[in-house]
1. Answer yes if at least one residue in the range 56-63 is open to solvent by 20 Å² or more (accessible area, probe 1.4 Å), among the polar types (S, T, N, Q) and modelled with pLDDT of 90 or more, and no otherwise.
2. Given the conditions (1) out of contact with any Leu (no Cβ under 6 Å at 6 or more places or on another chain); (2) open to solvent by 60 Å² or more (accessible area, probe 1.4 Å); (3) free of Cβ contacts under 8 Å to residues at least 40 places away in the same chain, which single one is not true for TYR120?
3. Out of the range 101-137, which residues are within 19 Å of GLY41 (Cα to Cα) and at pLDDT below 90?
4. Conditions: (1) among the aromatic types (Phe, Trp, Tyr); (2) open to solvent by 30 Å² or more (accessible area, probe 1.4 Å); (3) in a strand (DSSP E or B); (4) under 27 Å from VAL18 (Cα atoms). TYR110 meets all but one. Number of the miss?
5. Among residues belonging to the range 1-31 that are small (Gly, Ala, Ser) and open to solvent by less than 80 Å² (accessible area, probe 1.4 Å), point out the one that is modelled with the lowest pLDDT.
6. Hey, could you check the range 32-54 for residues that are modelled with pLDDT under 75 and in contact with a helix residue (DSSP H, G or I) (Cβ under 8 Å, 6 or more places away or on another chain) and say which is least open to solvent (accessible area, probe 1.4 Å)?
7. Please determine whether any residue of the range 161-170 is open to solvent by 60 Å² or more (accessible area, probe 1.4 Å), within 25 Å of GLY51 (Cα to Cα) and part of a loop (DSSP other than H, G, I, E, B).
Amino acid sequence: ERKDVLSVLLVIGVVNAVNMISEHNGVIIADSVGLGKSFIGAAVIEEYIRGKYPTWDPNSNGYNKPRKALLILPPSLIPQWEHLLFKSGYFFSGDLAAVKTSSDDKFVTYDILKNTPEGYRRIGGVSLLSLGIFSRMSENDVYAQRLNEEYDLILIDEAHKFRNRWTNRWHNARALRFKKKDDPN
């Protein structure tokens, strides 16, 4: 019975997060420890990659590219997120497969493939970026590596570390908001 209640709460959390993202172009999930923030984030990522929300599709905004999500997180959490997303069986399973395409222990990238009658085809990607690496980047690095253009869904774990506007990580997160470097917004 407790498991059913937790499942319902997670579904409500996902629905609420999706609604906030759709309405405000972002969401902060600030529940207490152990209430499923990672599961909510993972579910939102999977639903985005699957194309469940057409208004989130970059192609509907004139970009011709696959759906890609970027997770920015402390390096110690990269293995935990890899396990949750790609090995636990909760996400990116069934008709989806995740294939690791690059890894250097600080930046890990997976292609997401969908099994179709014609075979597997790439529908998107998920990358995990170390918070330490991101913090050492400059805004110009963000633009030079095209992180702002490549990724349309960005999840930041430990986002409270971004509240100081005089840090590189704050400026870099702000740069991710804009598809073009000279965007006035």
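The values are calculated or read from the model by the stated rules, or taken from the named source; none is laboratory data. Keep in mind the model is a prediction, meaning the values are calculated, not measured. Neighbour counts run over all protein chains shown; Cβ positions are idealised from the backbone, glycine included. Side chains included, ligands, DNA and RNA excluded: accessible areas come from the protein's heavy atoms. Shrake-Rupley method; radii C 1.70, N 1.55, O 1.52, S 1.80 Å.
1. Looking only at the range 56-63, we keep the residues that are open to solvent by 20 Å² or more (accessible area, probe 1.4 Å), and these are 56-57, 59-63.
Then keep just the ones that are among the polar types (S, T, N, Q); that gives 59-61.
Still in the running and modelled with pLDDT of 90 or more: none.
Scanning the range 56-63, I find no residue that is open to solvent by 20 Å² or more (accessible area, probe 1.4 Å), among the polar types (S, T, N, Q) and modelled with pLDDT of 90 or more, so the answer is no.
2. Going through the list (1) out of contact with any Leu (no Cβ under 6 Å at 6 or more places or on another chain); (2) open to solvent by 60 Å² or more (accessible area, probe 1.4 Å); (3) free of Cβ contacts under 8 Å to residues at least 40 places away in the same chain, TYR120 breaks only (1).
3. PHE107
4. It fails just one condition, (2).
5. GLY26
6. Among those that are modelled with pLDDT under 75 and in contact with a helix residue (DSSP H, G or I) (Cβ under 8 Å, 6 or more places away or on another chain), it is GLY36.
7. No: the range 161-170 contains no residue that is open to solvent by 60 Å² or more (accessible area, probe 1.4 Å), within 25 Å of GLY51 (Cα to Cα) and part of a loop (DSSP other than H, G, I, E, B).
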